[in-house]
Structures are given as C-alpha cells and as structure tokens.
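Below: one structure, written as structure tokens.
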Amino acid sequence: MDPVSLVCAAVAAAGAVAQHVEWSDRLAVLDDGRSSAFVRADPSLLDDVYAPGSRLRAQDASLIERYAARGLEISDVRFEVLRLGVERVSQRRTVLRVVDRLEPVRVRHPGGAWRTLPRDGPTDRRVVLVRTPVGWRIQTVHRLAG
C-alpha cells in the first residue's frame, strides 16, 4: 500500500473509532437516564431517554409504575454493551446495532434485604435514535436475536 493510501486508511479507521465512541457515550447517557427513572420511581425522567410518542417509553413507564405499586425499590437498571456497530447516521436519525445484556437488577421492599432478579443473556438489537430539539433520544428498539 502506498503512503497516501496508508494515511487515508488510518484516518478512516480513526474516524470509525471516534464515531463508535461517540455513539457508545450517547447510549451510556441515555442508559443513565433510564436507570434514574427506575431508581427514583419517576416515569417523567424517561422523557430524557425516549423520543416523544415512543412505545418503549410507555412500556418502561408502566413497568416503573407496577414496581412502585408493589412497594418495591430498585437499586439500578443498566445495560452492559458487549458490541456496538453504527449502521446508518444522518443529521436527524442514527441506526445502531447493539449486542447488550441487562446487568443484575436488585429489588427490595423499603428497608428489606435486596434480592437479585434473574440475569438475562446477550441480546442483539437494532436501536434507532432520533435528534429532537433537546438532543438524541431512542425512537425504537428492535430485538433481532437473543
């Protein structure tokens, strides 16, 4: 490979790594917001995670309300990203391919002992993010395998 091609390949590889890190960081921020909603039992915090009208937002809000109605506290709800790929990027919409696994979730009745819920296995998903007036939000997540 000639020196110019080698430099171009290195620049392209560095750009792909930077893009991967950027989207990985954005997903981590959204995951933090989702976890906060569960820990605080406050579905309104999901507005910082999901695009308006997202079906996933409604599902998470319902789950939070069901845990709260049973008087349960949640210690944390986070996903471990095992693999991330960027499928498409535009100014308004990004499609990611993510293999993740829900980290152990612990629940308890106030003041009681923490109980760890069963851990799930890795799941392959297509995550669609959209740019809203207040930042990137999750529009849809399609389970592909796992």
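Table for the structure above
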| item | result |
| --- | --- |
| Amide N of segment 114-146 lying under 13 Å from the label point, which is placed 7 angstrom from the Cα of S90 along Cα→Cβ | 129-131 |
| Residue among D76, D60, D25 with the largest mean-square fluctuation in a Gaussian network model of the chain, springs linking Cα atoms under 10 Å | D25 |
| Sorted largest first, extent of segment 72-128 alpha carbons per principal axis (Å) | 48, 23, 10 |
| GNM flexibility winner over the chain from L45, L96, L82 (Cα, springs under 10 Å) | L82 |
| Backbone HN-Hα couplings from phi across segment 131-143 [Karplus 6.51/-1.76/1.60, Hz, Gly and Pro as x] | 7, 10, x, 10, x, 6, 9, 7, 8, 9, 9, 10, 6 |
| Protein-only accessible surface order, largest first, of D124, D47, D42 at 1.4 Å | D47, D42, D124 |
| Cα-centre dipole for the chain with unit charges at Cβ (Lys and Arg positive, Asp and Glu negative), debye to 20 | 480 debye |
| Within the chain, percent of DSSP bridges classed antiparallel, to nearest 5 | 95 percent |
| Structure-based [θ]222 nm, the chain - -39500 (n - 2.57) summed over DSSP H runs of at least 4, per residue, nearest 500 | -12500 deg cm²/dmol |
| Solvent-accessible surface ranking, highest first, for V81, V99 at 1.4 angstrom | V81, V99 |
| Normalised per residue, the volume of the convex hull around the Cα set of the chain (Å³) | 126 Å³ |
| On Cα atoms only, tilt of 3-39 relative to the major axis of the chain in degrees | 10 degrees |
| The chain, relative contact order [Cα under 8 Å, separation at least 6], % | 19 percent |
| Nearest-ten-degree value, helix 55-69 long axis tilted from longest Cα axis of the chain | 30 degrees |
| Heavy-atom surface of the chain, accessible at 1.4 Å and reported per residue (Å²) | 60 Å² |
| Residue-span extension gain [R108 to D124] - 0.36 nm each, minus C-alpha spacing | 2.8 nm |
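The values are calculated or read from the model by the stated rules, or taken from the named source; none is laboratory data. Computed from a predicted model, the values in this text were never measured in an experiment. All Cβ positions, glycine included, derive from the backbone under ideal geometry; neighbour counts span all protein chains shown. What goes into the accessible areas is simple: the full protein's heavy atoms, side chains included, and nothing from ligands, DNA or RNA. Shrake-Rupley method; radii C 1.70, N 1.55, O 1.52, S 1.80 Å.
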